[in-house]
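Trainee: Sharing a structure below in structure tokens format, with a few things to ask.
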Amino acid sequence: KPAAPSTPKVSALDLETLKEQLKGTKAIGVFTKLTLKNQVDDLLDRFRDHYAGKNKVTMSELRRSYDLLMMKVLSLIQDKDQKLATDIVASREAIWGLLADKEKFAALDV
């Protein structure tokens, strides 16, 4: 009985690897990358403020912002860099888990 073909396991990207792959992809241009970087920085600042008690943004609002940003990134790269798009989809919940946990977020170098 032949073994069923196995599908390659997609491993979750860590934030640093994701950042480097987004920088390196040819699927999006330089100005779009700069815009995305600013949006990521803004989102990270909102998390910092949330954990510091500086704003009244709820975790569900942060999740909505995170999901919208991820969808934007995926829509920009999905046709031109399918491997990176697949990696991002596989990493989406793991990355959210880092952002949504106060201690894990504090330990990030972002």
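The values are calculated or read from the model by the stated rules, or taken from the named source; none is laboratory data. Predicted model only: the values in this text are computed from it and were never measured. Please note: Cβ atoms are built from the backbone with ideal geometry, for glycine as well, and neighbour counts cover all protein chains shown. Ligands, DNA and RNA are stripped out before the accessible areas are found, and what is left, the full protein with its side chains, is counted by its heavy atoms. Shrake-Rupley method; radii C 1.70, N 1.55, O 1.52, S 1.80 Å.
Trainee: Using only the heavy atoms of the protein chains and a 1.4 Å probe, how would LEU68, LEU84 rank by accessible area, largest first?
Mentor: Greatest to least solvent exposure: LEU68, LEU84.
Trainee: Pop a pseudo-label 7 angstrom from the Cα along the beta-carbon direction at both ASP45 and VAL57 and give the gap in nm to one decimal.
Mentor: 0.9
Trainee: With a 1.4 Å probe and all protein chains left in place, how much of the accessible area of the stretch 13-110 comes from carbon and sulfur atoms, in whole percent?
Mentor: Reported share for carbon and sulfur atoms: 56 percent.
Trainee: In the chain, how does Rg compare with the Kirkwood Rh, expressed as the Rg/Rh ratio over alpha carbon atoms?
Mentor: 1.04
Trainee: Next question, about the same structure. May I ask for the net charge around SER65, where only other residues with Cβ less than 13 Å from the Cβ of SER65 are counted and Lys, Arg are +1 while Asp, Glu are -1?
Mentor: -2
Trainee: So which of LYS26/LYS72; LYS19/LYS72; LYS72/LYS104 end up more than 20 Å apart by C-alpha?
Mentor: The pairs that break the limit, which is 20 Å between Cα atoms, are LYS72/LYS104.
Trainee: What spacing in nm lies between the two simple spin-label points modelled at MET70 and ALA94, each 7 Å away from Cα in the Cβ direction?
Mentor: 1.3
Trainee: Can you work out the Karplus-derived ³J(HN,Hα) for every residue in the stretch 55-65? Use 6.51 cos²θ - 1.76 cosθ + 1.60 with θ = phi - 60°, whole Hz, and x for glycine or proline.
Mentor: For the stretch 55-65, the Karplus-derived couplings read 9, 9, 5, 7, 4, 5, 5, 5, 4, 4, 4 Hz, x marking Gly and Pro.
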